[in-house]
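One structure below.
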Amino acid sequence: MRSYPSPEPAAARSEQRRRPLSIVSPLHYTPSYEYPLVVWLHHSGHNELQVEQVLPHISVRNYVGVGVRGNQATDVRGWGFDWAEGKSSIATARESVVEAIEHTQAEMSIHASRVLIAGYGSGATMACRIALMEPERFAGVAMMGGQFPTSQSVMREYHRLRERRLPILWQQAINGVDDCPEQLKRGILAAESIRARVEIRQYRGDDVMNAVALRDMDQWCFDNIIQPRSESTAENSTVRPSEGLSPIDFSAN
């Protein structure tokens with residue numbers, strides 16, 4: 001697997017692409033094959049390079065990945081970022097994701113109908129929010145924690161979303177400090193109202209970011225995007241055992 005960090009754009013290209021991103025290619029990349037694309041939105045305090053640490057745990061062969069930088073700095077060094085959710089910040093995040101997809105499609109061989117947007121923590125919330133704003137652009141959403149957006153601005157495409165029936169994998173840590181049962185219930189009801197095909201998977205422990213959950217994302221993507229099977233619903237949620245669920249630590253930027 002090779003990584004292609006985004007270089008600083010030349011002055012002549014600054015108007016075309018300004019936002020940093022990181023592209024990761026699969027092992028034995030074959031240009032003649034159209035790969036699924038994983039668009040990764042990091043959690044608070046990290047940046048677009050997190051995709052380089054996450055994608056190998058999902059699969060070293062099956063996907064091209066692109067990491068997108070959050071829209072709000074969290075430290076003075078300029079390494080850590082998060083996803084602010086004001087109106088203009090959401091618009092910026094949406095533009096960054098679209099820009100990253102288009103740039104990756106120009107650089108790599110990507111299957112246009114197999115673009116998955118995924119994220120962790122606040123990145124998961126933003127990933128879902130952007131997918132609900134542009135449901136035809138994405139084949140599915142994978143949320144590692146986070147919250148399901150319920151604001152009217154997101155749901156204004158209500159009828160369009162009900163027709164689309166967007167596939168969503170929502171992974172939760174049973175003892176996660178940021179997980180709230182009431183918010184989860186509200187999120188499930190919101191997802192049901194737009195007829196999203198939601199599959200909720202819960203993992204024992206305090207943190208959903210672990211190798212088992214990331215491998216599950218690969219299998220879910222295969223079953224729902226690459227070779228779709230029968231529809232999943234929130235009622236068919238599963239609980240994973242505790243074995244092998246050691247949290248993944250991210251190296252310092």
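Using 0.36 nm per residue of separation minus the Cα-Cα distance, give me the extension gain between Asn62 and Tyr158 in nm, one decimal.
This chain segment gains 31.3 nm when fully extended.
Using θ = phi - 60° and the Karplus relation 6.51 cos²θ - 1.76 cosθ + 1.60, list the HN-Hα couplings for segment 48-56 in order, rounded to whole Hz, with x at every Gly or Pro.
Computed from phi, the couplings for segment 48-56 are 4, 6, 4, 4, 5, 8, 7, 4, x Hz.
Between Gln219 and Arg94, 0.36 nm times their residue separation minus their Cα-Cα distance comes to what?
Extending this stretch completely gives an extra 42.3 nm.
So how exposed is His159, as accessible area in Å² (1.4 Å probe, rounded to 10)?
Near enough 130 Å² of accessible area.
Specify the inter-centroid distance of segment 86-141 and segment 175-220, based on alpha-carbon positions, in whole Å.
Centre-to-centre (Cα) distance: 19 Å.
Which cross-chain or sequence-distant (5 or more) residues have an amide H under 5 Å from the amide H of Asn210, H modelled 1.01 Å from N in plane?
HN-HN under 5 Å from Asn210: Ile248.
Keeping all protein chains in the complex and leaving out DNA, RNA and ligands, what accessible area do you get for Val54 with a 1.4 Å probe, in Å² to the nearest 10?
0 Å²
I want to check the label-to-label distance for Glu182 and His111. Put each point 7 Å from Cα in the C-beta direction and report it in nm to one decimal.
For the pair Glu182/His111, the computed spacing is 4.2 nm.
Non-local amide H neighbours of Trp170 (under 5 Å, H modeled in plane, Pro and chain starts lacking H): which ones?
Residues meeting the amide H criterion: Met143, Glu199, Ile200, Arg201.
The values are calculated or read from the model by the stated rules, or taken from the named source; none is laboratory data. Since this is a predicted model, take the numbers as computed values, not measurements. No Cβ is skipped: glycine too gets one built from the backbone with ideal geometry, and neighbour counts run over all protein chains shown. Accessible surface is based on the protein model in full, side chains and every heavy atom, while ligands, DNA and RNA are left aside. Shrake-Rupley method; radii C 1.70, N 1.55, O 1.52, S 1.80 Å.
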